[in-house]
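Asker: Just passing along the structure, written as structure tokens.
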Amino acid sequence: MKRIPAGILLAMFFVAVPLACRVHAEESAEQLADEILGEQTGTQDESAEDLAKQQGDAIQPASDQDQSAENLARQNGVAIQAGKDPEQSAADLARHNGLSITPGRDAEESARKLAQQDGLQNKPKKVSDASQSVFTGGEGVDGSIYAVVAMPDGGVAIGGRFTMVNGLPRSNLARIAADGTLDPKFFAESSDGVNGAVYALAVDPNGNLLVGGYFTSAQGQSLQNFVRYMTDGRIDPAFNAGQSPNGPVYAIAVQSGGRIVIAGEFSQIGSVPRRNLARFNSDSTLDAPLTSGNAGSGSVRSLAALPNGAILAGGTFEIPGQTARNILSTGGK
């Protein structure tokens, strides 16, 4: 048998190995697409289309594979050119996502880890349908919710630091109807909310919404940290006029008779000294101090209105002349 020269064998090896790697990479990519999408599509074009939809990219089923790869790379912010070696392209995309994947590494394992890094295997399907429930079917809220309160009609109001609810703009305040859908009339414009965080919500005896937080504007008006929205969603212009707290409001409690207690981290209500606790009469005028001394130099974070008329306050503070820390009872009044 005639022996084949070693030089020819080496040449055949260097031609065959890259070809095998390329074929394996394409098969691994198809398997990854099937694994991520949870179905067998049958063709690479269909898998690429579904994977693109999963990542929010617009790639048509019949588009050129190189062009589709280039589009998907641009979606991920990686400069991968059409026709570039698949393994090198995968390595570039991996490095962009903070993974150490080098050409020649097992393509299937590397691709699986990259998918896990992006959360593709369990990524929820997003929708933007206002008719769906905020709690179950819709996108929900794109930020943090710090306060929730039940409304008299069975709906709820939410407050926090967010800009979208179920895909619709809302500025840190939103009202959800009794059926779980976003109320299209209450806070319908993003400017209807407040320009800062909402930390406290309460409802007064007339069904008006009391809002406390750390903001300087509400519904486009210069109002600070504590406001009242009437039942039609408009700001009450007569409430708390000129008597805003000079620091954030973290808690609100409504007593019998309609008196309103607020707590937070402030030193004045308007120009009147009040340390971290203040009470307003039912007509929104400022009441006398709740305690004979200051409510501490820290902050009051929570309130409860007790049946005997007392207010229980909790937070991080000390009361001068009192050994108990971080809790305060005003006594029945």
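Asker: How do 220-229, 321-330, 168-177 rank on mean C-beta neighbours within 10 Å, highest first? Before the final figure, lay out each step's value.
Answerer: Details: 220-229: 19.6, 321-330: 13.2, 168-177: 22.5.
Ranked from most to least packed, the peptides come out as 168-177, 220-229, 321-330.
Asker: Moving on to the next point. Place a +1 charge on the Cβ of each Lys and Arg in the stretch 153-291 and a -1 charge on the Cβ of each Asp and Glu, then give the dipole magnitude about the Cα centre in debye, rounded to the nearest 20.
Answerer: On the way: 10 positive and 11 negative charges, 71 e Å.
So the dipole magnitude of the stretch 153-291 works out to roughly 340 debye.
Asker: Can I ask one more? In percent, how large is the relative contact order of the stretch 144-329, given Cα pairs closer than 8 Å and 6 or more residues apart?
Answerer: Numbers: 485 pairs, mean separation 21.4, N = 186.
Answer for the stretch 144-329 is 12 percent.
Rule-based calculations on the coordinates, nothing more; no lab input. This structure is a prediction, so every number in the text was calculated from the model and none was measured. Positions of Cβ are backbone-derived with ideal geometry, glycine not excepted, and every protein chain shown enters the neighbour counts.
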